[in-house]
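Asker: Attaching a single structure in structure tokens format; questions to follow.
Read-outs throughout are calculated quantities, based only on the coordinates presented, and are distinct from any laboratory measurement. The structure displayed is predicted, hence computed values, not measured ones. Positions of Cβ are generated from backbone atoms using ideal geometry, with glycine treated the same way; all protein chains shown enter the neighbour counts.
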Amino acid sequence: MAGPRFIVAGSLIDGSGGEVRRNVFLQVADTMITAIGSATDLPRHDGAAIDDFSHCTILPALVDCSVSLSQSPSVDSGVRLSFEGADLAKKAAMVEQHIRYCHAHGVLGVADSGDSDGLVARSHETMAQGGILAVRSSGRLCRSVQDCPPGNPAGGDFIKIGYSPNIEEDQAPYPRLSQAELCRILEQRGERKAVVVANGPQQVGEALAAGCDAIEQGYGMGEANLRRMAEQDVLWIPSVVRAKNGLDGAAGGGEVCCRFSIRYVAPGKPVPGAEALWKKTLAEQLGQLRLARALGVKTAVGTGAGSVGILHGESMAEEMKLFIKAGYTLEETIRCASANGAGFFGMEKLGTLMVGHQATFLMSRGTVQQLPRKLSYLEGIYVDGAPSTGYHKNPVKTA
């Protein structure tokens with residue numbers, strides 16, 4: 001059995017929501033964290049491996065609670081249509097690319113939906129090689145009773161139901177489920193958790209009354225529904241970056257690829273009044289998120305990556321910035337981006353960094369104040385107590 005490994009860091013954010021700890025060491029043995037203490041009290045073991053990251057901050061691996069790995073986020077409709085009609089080999093290659101994007105930004109857990117071809121479900125080995133440690137898939141997104149037959153023979157770790165269209169869609173391209181149909185689906189879900197995409201006070205209220213486990217988006221749902229969610233311990237995945245993406249597109253004079261670091265404006269004419277509408281929508285969602293924090297609603301980060309203009313991996317930091325803008329502390333935001341999602345989806349290898357937990361974490365170069373911006377260029381990723389073989393800080397570019 002290998003001896004213990006010691007990792008020294010300038011700061012530690014453990015994902016519990018507690019305060020940042022300064023100048024710490026983590027002792028790791030057999031893939032687990034076996035001790036955490038002050039760097040000044042670092043035990044001395046002859047021949048023990050000591051990794052000095054005193055210039056870095058340690059934080060938990062991230063969990064994105066809303067992704068579509070098999071969908072292209074391109075703003076070019078021709079590109080999206082070409083992938084929709086592509087063969088399985090081309091689609092599988094795109095899934096693998098999106099996995100690499102997630103891993104490069106420290107997202108090691110994802111909850112995927114819309115996998116109608118079953119590519120994500122068949123890609124566990126590829127994901128493990130790409131550094132994605134935990135994947136929970138809903139299989140096909142439920143938009144009708146036919147999409148969610150009793151017993152769900154098509155498989156799926158959880159159920160995701162589109163009770164409302166996504167907030168950026170003018171109208172749903174499919175008939176909306178009735179409340180009776182929603183109740184029927186939830187009654188037949190068995191032990192699996194149900195995430196319901198719902199917006200507006202009525203539809204969110206109906207989803208809560210039907211017994212859902214989580215609300216995704218929840219735009220315009222109002223204070224009464226937030227209070228019910230706090231009372232019923234229903235998770236909220238607000239996906240604020242969807243509104244930010246809509247605002248960027250409206251303000252840019254056309255469709256905008258939300259590449260965040262490099263804004264790309266595609267051809268298109270601005271829609272009159274769209275900028276004001278999205279500015280109001282974003283402000284209202286931030287206000288709801290601020291109220292959710294005050295009411296004690298459990299929240300988690302889910303970006304909707306794979307939707308038009310929302311990139312896999314990179315959008316995670318942008319959603320976290322919006323949580324901070326809504327009044328969450330950095331420590332609370334990281335809990336929402338790691339432990340809350342990992343706990344909800346049963347990702348045992350991810351979550352808080354505590355003694356007895358798995359030694360899987362991120363190394364961010366620089367100070368705590370530089371987060372979450374620094375997530376786009378991590379110093380390193382540790383998986384089971386050792387540097388990840390799938391992460392390269394300076395990847396070699398090939399033609």
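Asker: Short version: ³J(HN,Hα) in whole Hz for each residue of the stretch 87-102, in order, from phi by Karplus 6.51 cos²θ - 1.76 cosθ + 1.60 (θ = phi - 60°), x for Gly and Pro, what are they?
Answerer: These are the phi-based 3J(HN,Hα) values: 6, 5, 5, 5, 5, 5, 5, 5, 4, 4, 5, 5, 4, 5, 4, 4 Hz.
Asker: A follow-up question, please. In whole Hz and in residue order, list the ³J(HN,Hα) couplings for the stretch 22-39 that follow from phi through the Karplus curve 6.51 cos²θ - 1.76 cosθ + 1.60, θ = phi - 60°; x for Gly and Pro.
Answerer: Values per residue, Gly and Pro as x: 9, 6, 10, 10, 10, 9, 10, 8, 6, 6, 10, 7, 9, 6, 9, x, 6, 4 Hz.
Asker: Treating each Cα of the stretch 313-399 as an identical point scatterer and ignoring solvent, apply the Debye formula and state log10 I(q)/I(0) at q = 0.24 Å⁻¹.
Answerer: Calculated log10 I(q)/I(0) at the listed q: -1.38.
Asker: Follow-up question, since we're still on this one. Hey, can you rank 95-106, 22-33 by average C-beta count inside 10 Å, highest first? Working shown, then result.
Answerer: Values: 95-106: 22.2, 22-33: 18.2.
My ranking of the peptides, most packed first, is 95-106, 22-33.
Asker: Then there is this: Nearest 5 is fine: what % of DSSP beta bridges in the stretch 1-100 come out antiparallel, could you say?
Answerer: Once the DSSP bridges in the stretch 1-100 are tallied, antiparallel ones form about 65 percent.
Asker: Residue-wise, which Karplus ³J(HN,Hα) couplings in Hz belong to the stretch 347-355, taking 6.51 cos²θ - 1.76 cosθ + 1.60, θ = phi - 60°, and x for glycine or proline?
Answerer: Along the stretch 347-355, the couplings run 8, 5, 7, 10, x, 5, 9, 9, 4 Hz.
Asker: Starting from the Cα gyration tensor of the stretch 7-60, take the square roots of the eigenvalues, sort them a ≥ b ≥ c, and report rounded, prolate or oblate (rounded when a/c is under 1.5, otherwise prolate if a/b is larger than b/c, else oblate). All intermediate terms of the calculation are to be shown ahead of the outcome.
Answerer: Details: a/c = 1.95, a/b = 1.48, b/c = 1.32.
Taking the square roots of the gyration eigenvalues as a ≥ b ≥ c, the stretch 7-60 is prolate.
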